[in-house]
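Here the structure is laid out as structure tokens; the discussion comes afterwards.
Each reported figure results from applying straightforward, stated rules to the coordinates on display, with no laboratory input. Values in this document were obtained by computation on a predicted structure and should not be read as measured data. Reconstructed Cβ throughout: ideal geometry from the backbone, glycine too, with neighbour counts over all protein chains shown.
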Amino acid sequence: MANATLTISSKNYSSWSLRGWLLARFSGLPFEEVVMPVDDPVARAELLLLSPSILVPCLVHNGIKVWDTLAIAEYLNEVCPDARLLPADRRERAHCRAICGEMHSGFVSLRSALPMNLKAHFPGFKVWARAQTDIERVTTIWRECLAQYGGPFLFGARSAADAMFAPVVTRFVTYDVKLDPEIVEYGQRILAMPEMQDWISDAQHEAEEIDELDVEF
């Protein structure tokens, strides 16, 4: 029996839950999922970007409670060091932390204009200027990392950075964002991971819906 639990919310809508879940799966730590219904006030506030503090996902391991995806990444890197969620080299580790932090605290326009919704698809979706600026910054980060570390993931082997940016990959697909071939290939590698395939399959079978995130605007 797993000695860890991970509380998440909707697999269809929750980018933060996906990040935490991928980090836990990448780490190899056995855990049990606890899924909050989307009508739970905490889950709904997170999904609709109404909460200043994101309390899900939340990892509980051996009596230690950790929430916030960056904290979860750091904790799992300590307890499962062989998984190398953060690179071994100090310089690379600092770079990884920096781009994870940028994803964690930035890209507000992208989040609000292109909310995560794995069951939806909006061909020809018009991306407004501020969100496009965020998209260009994200793809610049990916391009630089792939060039510097040689791929196939952002830091060579997959890391916390790939978990942090994975929800953006899904947004680009949902909203039909036009991207250059190198960026498309990276996104395809992320989507092809067994962990992502498991998550997407569960999301497709999720019955609950949030009207505010299903409107084609």
Report Rg (one decimal) and Dmax (nearest whole number) for the chain, counting Cα atoms only, units Å. 16.4, 49
One finds the C-alpha centres of region 136-161 and region 57-83 to be spaced, in Å, by 23
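Between beta-carbons, use under 12 Å as the cut-off and find the net charge around Ile183, counting Lys and Arg +1, Asp and Glu -1.
Values: positive: Arg143, Lys178, Arg189; negative: Glu136, Glu144, Asp180, Glu182, Glu185.
Result for the local shell: -2.
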Give me the lysines in straight-line cross-link reach of Lys65: C-alpha distance below 26 Å, same-chain residues under 8 apart excluded. Lys11
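Calculated FRET efficiency, Gln148 and Asp198, Cβ-Cβ r, R0 41 Å, to nearest 0.05?
Working: r = 30 Å, r/R0 = 0.73.
According to the calculation, E is roughly 0.85.
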Sorted by Cβ density within 10 Å, fewest first, the residues Leu86, Leu29, Leu179: Leu179, Leu29, Leu86
Listed peptides 142-149, 164-171, 10-17 by packing density, highest first (mean Cβ within 10 Å): 10-17, 164-171, 142-149
Run the simple label-point estimate for Val34 and Asn62 please: 7 Å along Cα→C-beta, distance reported in nm. 1.9
Within 10 Å of each residue's Cβ, count the other Cβ atoms and sort Phe31, Phe172 from fewest upward. Phe31, Phe172
